[in-house]
Amino acid sequence: MIVLGLTGSIGMGKSTTAKMFADAGVPVHDSDETVHRLYAGKAAPLVEATFPGTASSGVVDRAKLGARVLGDAAALKQLEAIVHPLVRADADAFLARQRAAGTPIAVLDIPLLFETGGRDRVDKVVVVTAPAEVQRARVLARPGMNEEKLAAILAKQVPDAEKRRQADFIVDTGQGFDAARAAVGAIIAELSGDKSGQAGS
């Protein structure tokens, strides 16, 4: 099975691209969705114990938690120490299920793949990109977002140019959905060809 890491900076269209893989029949493990699930499950008591008052009725209040950790590097590290291992375990279980099912290609959607040393967990990396002005317009259109927040987020992320340099495949969502979908199809076709080559057919 080929494990494909899908990543990209904020506002590049990674979630949309992940859905294109899923729509094409490739199983996708979504780290963001997993965090949402964990915040309503096994992560909630751990987060509450570390950051009292951020969870109620077994569910983490993301707004309260955000207010506690954003801009506080030490607090953010504490939170990551709780969440990252749980997300990774969930992803490992997902991959084990896909391997058992004989799935040829599976996608790990990891927003901070390069930043968290996730490169060694995947066989190939797809980087989702878009021109900087498109990225900026998309992010600033989000509720509660402003220039300052965007700058803070980008400062923590590996620059787009560096991600593209390290990528095995690039999907440019700045060219529109049809072009992105075609790029996804081409990646799947190439990797499917790889698989048949590996099988010696």
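Assorted remarks:
- The requirement of being in contact with a Ser or Thr (Cβ under 9 Å, 6 or more places away or on another chain) and not hydroxyl-bearing (Ser, Thr, Tyr) is satisfied by Val125.
- So Ala43, is it over 30 Å from Gly193 (Cβ atoms), under 21 Å from the mean Cα position of the chain (by Cα) and at pLDDT below 95: no
- Residue check for Ala18: more than 20 Å from Lys156 (Cβ to Cβ) and crowded, with 20+ Cβ neighbours inside 10 Å: yes
- Within region 163-178, being open to solvent by 60 Å² or more (accessible area, probe 1.4 Å), under 26 Å from Arg119 (Cβ atoms) and touching a residue at least 24 places away in the same chain (Cβ under 8 Å) holds for Arg164, Gln166, Asp168, Ile170.
- Complete set of residues in region 96-142 that are hydroxyl-bearing (Ser, Thr, Tyr), under 14 Å from the mean Cα position of the chain (by Cα) and under 24 Å from Ala186 (Cα atoms): Thr129
The values are calculated or read from the model by the stated rules, or taken from the named source; none is laboratory data. Predicted model only: the values in this text are computed from it and were never measured. Note that each Cβ is placed from the backbone with ideal geometry, even for glycine, and that neighbours are counted across all protein chains shown. For accessibility, only protein heavy atoms count, side chains too; no ligands or nucleic acids. Shrake-Rupley method; radii C 1.70, N 1.55, O 1.52, S 1.80 Å.
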